[in-house]
Amino acid sequence: MTVLQPNSFRTGPDERGHFGIYGGRFVAETLMPLILELEKAYNAAKTDPAFKTQMDGYLKNYVGRPSPLYFAERLTEYFGGAKIYFKREDLNHTGAHKVNNVLGQILLAKRMGKPRVIAETGAGMHGVATATLCAKFGLDCIVYMGEVDVERQQPNVLRMKALGAQVRPVVSGSKTLKDAMNEALRDWVTNVTDTFYCIGTVAGPHPYPAMVRDFQCVIGNETRVQMQEAEGRLPDSLIACIGGGSNAMGLFHPFLDDKEIEIYGVEAAGHGLGTSLHAASIAGGRPGVLHGNRAYLLMDDDGQITEAHSISAGLDYPGIGPEHAWLNDMGRVKFLSATDDEALAAFRLCSRLEGIIPALEPAHALARVAEIAPEKPTDHLMVVNLSGRGDKDLDSVARHLGGRL
Amino acid sequence: MTTRIDRRFAALKAEGRAALVTFLMAGDPDAEACLAIVKALPAAGADVIELGMPFTDPMADGPAIQVAGQRALKAGQTMVKTLGLVRAFRQSDDATPIVLMGYYNPIYIYGVEKFLVDAKAAGVDGLIVVDLPPEEDEELCLPALKAGLNFIRLATPTTDDKRLPAVLNNTSGFVYYVSITGITGAATPDPSKVNAAVARIKRHTKLPVAVGFGVRTGEQARAIAEGADGVVVGSALVDAVRQSLDADGKATARTVAAVTDLVAQLSAGIHGAKKAAAE
């Protein structure tokens, strides 16, 4: 199938928030004025040099950026093919890429004079980042988290509480990330004047997918410069895990128009794509409308959303960001998947060979690196987004591996 | 073009009273019991019937309607069955307007064109789709109007005078004023604020304005009916369904009466309302 390719993949969305047929603003009327207000405030901030100066300062001195681009020498030797680099988002303050976006949104909340911040979280990394920046900037913070995730991500629940945030376990629906997002939207509909909704991924109604992407693009922008410094040229391939897809979009977007660069997104295949227990919305879903946007979703034939499954709470979401959906249809990003077991094997391998314990989310990307890297020549430069650290996952990994950590 | 909705509101205006709009979830607690309840509504005093199209992720709904949707889905409700319910109701009632209310995804997956044809043929008069604001009118609103169905929009306390014209444009049948900022069934509206908001909307439109979200009793219905052209009650009715079920969640001999008793109380409240002023 030939898809007519645009001159640039970086011009979206249109003024109504569409990436091709995806995206949009599918929200209740109560929220529509709030979303328009947010869009206006974001557009003003985006072009305000003072906002950029403020962002850059905190990114450097509070988050600890730039994060290193690290040559994973022993993993490269082990696979015997491509030269593998890690973009070390795990070294950011709070331990994942999530903080890049949250910093931007919290500064925006301050500009808009909103004293109360709500967020949804799956693995808890976005919740921790939001709790952290709310503490730093003196804002009230309420985090919605599915009851199932509260149980499997206890360390992050405790971190959020220590930071002064209120964690509200969500018991509706499947009690995971999608239900936490429903509950956050219900909160926002109720508290319309004082509340800022800090969405953690490149999904939701316009302008969130574009705004979160813009804040995460620091990952790819740094990678361009760092790879030039390390190798004197751009990478040959990029690979990242995808739940909603914010770490992937942050790495990919600055490279989308370098058309010779191969780009891979890795979804969570859970127990396998042939089972009903996975979270791969591109491989196993179809276009639909949920949480304010149109994108690929896991659902049944009657349009009812089905439950996602992944060992990684951060990938356990039945949808994907609308721009990823469009990049898939355009053929610009190739979407792959990795099962729970493959991610666990990659988790062990990376920990043992590199002395880096990855989160289970990027372990999914590492699982596909294990297949792609050996096929490539030794001068092929591959960047893996190591989007978060794995401390939070040690309990659940130990449970799955039966103590064979 | 007039629909059953237009005709019903015109008739009630001539009578000088507001409409009682009753919401129930299609297929709750199961298809058969739901049809029995719906068939009993007009005689109990319902003027317009709203049927929820169950959805797994009802983002604007409170716990009562969330669990009503879950009961229906668990009992096997589908869009085909929801349209079948309307068709079955129409065999014995060709006058009471029926509005389907819900979220866009089940309609989108059914197929917009096919849905509109099938809904019209089944005897549906109007649609309320919570997650389709005017910004997304091309998706369903404009095709629905073309197909001869009313598209009823929600106006909310956050819809200011500047935005109201955009919300009212392409709205037909009636305007549904959401009386609170919040989810369904969550809070009790303040009648004086609601009546002021209704008056504000009426300055922008000739359409009837119905008020919903949080109305539970005959007394509240009466207070709202003094300013509005219709009062929508949902959470209280689906709660009545829930409370009538047995330990296994099955309908009992009491289920229909539990709903119709409450509908009769609400209807009495509305009949007791004194219209603020002739329009």
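The values are calculated or read from the model by the stated rules, or taken from the named source; none is laboratory data. All values reported here derive from a predicted model rather than from experimental measurement. For neighbour counting, all protein chains shown are included, and Cβ atoms are generated from backbone atoms with ideal geometry for every residue, glycine included.
What to note about this one:
- Helices (runs of 4 or more DSSP H) wholly inside the stretch A:182-277 that include at least 1 residues being surrounded by fewer than 23 Cβ atoms within 10 Å (Cβ to Cβ): A:208-216, A:218-231
- Exclusive hit being within 12 Å of another protein chain (Cβ to nearest Cβ), farther than 23 Å from A:G113 by Cβ and not aromatic (F, W, Y), set A:S174, A:S237: A:S174
- Test: residue in the stretch A:321-334 that is among the aromatic types (F, W, Y) and touching an Asp or Glu at 6+ places or on another chain (Cβ under 8 Å): no
- Residues considered: B:D131, B:D125. Of these, the only one that is buried (at least 24 other Cβ atoms within 10 Å of the Cβ), among the acidic types (D, E), more than 9 Å from every other protein chain (Cβ to nearest Cβ) and under 17 Å from the mean Cα position of the chain (by Cα) is B:D125.
- Within the stretch B:180-207, the set of residues being at pLDDT 95 or above, outside any helix (DSSP H, G or I) and either crowded, with 22+ Cβ neighbours inside 10 Å or among the hydroxyl-bearing types (S, T, Y) (or both) comprises just one member, B:T205.
- Whenever a residue of the stretch B:221-242 is closer than 17 Å to B:N195 by Cβ and buried (at least 24 other Cβ atoms within 10 Å of the Cβ), its partners that are among the polar types (S, T, N, Q) and at pLDDT 95 or above, lying with C-beta atoms within less than 8 angstrom and at least six residues away or across chains, give the pairs B:V232/B:T22.
- Residue within the stretch A:26-35 that is within 12 Å of chain B (Cβ to nearest Cβ) and closer than 23 Å to A:I282 by Cβ present: yes
- Residue within the stretch B:7-27 that is under 24 Å from B:L245 (Cβ atoms) and in a loop (DSSP other than H, G, I, E, B) present: yes
- Scanning the stretch B:142-179 for residues that are within 9 Å of chain A (Cβ to nearest Cβ) and buried (at least 17 other Cβ atoms within 10 Å of the Cβ) turns up B:R153, B:L154, B:A155, B:T156, B:P157, B:T158, B:T159, B:R163, B:V167, B:V178.
- In the set (1) surrounded by fewer than 24 Cβ atoms within 10 Å (Cβ to Cβ); (2) touching a Phe, Trp or Tyr at 6+ places or on another chain (Cβ under 9 Å); (3) at pLDDT below 95, A:D391 fails one condition alone, (2).
- The residues listed here are B:A26, B:A88, B:A33, B:A10; of these, the one that is within 21 Å of B:A268 (Cα to Cα) and small (G, A, S) is B:A10.
- Elements of type helices (runs of 4 or more DSSP H) contained in the stretch A:20-125, each with 3 or more residues being modelled with pLDDT of 95 or more and closer than 27 Å to B:E136 by Cβ: A:32-46, A:98-112
- Here B:Q91 fulfils each of the conditions (1) surrounded by fewer than 19 Cβ atoms within 10 Å (Cβ to Cβ); (2) at the interface with another protein chain (Cβ under 9 Å from one of its Cβ atoms); (3) not hydroxyl-bearing (S, T, Y) apart from (2).
- Some residue of the stretch A:159-176 being more than 17 Å from A:S246 (Cβ to Cβ), out of contact with any helix residue (DSSP H, G or I) (no Cβ under 9 Å at 6 or more places or on another chain) and at pLDDT 95 or above: no
- Subset tally (residues that are within 25 Å of B:Q66 (Cβ to Cβ), among the hydroxyl-bearing types (S, T, Y) and under 17 Å from the mean Cα position of the chain (by Cα)) for the stretch B:148-187: 5
- For B:D229, the stated conditions do not hold, so it cannot be described as of a type outside the set (A, V, I, L, M, F, W, C), farther than 26 Å from B:R7 by Cα and out of contact with any Cys (no Cβ under 6 Å at 6 or more places or on another chain).
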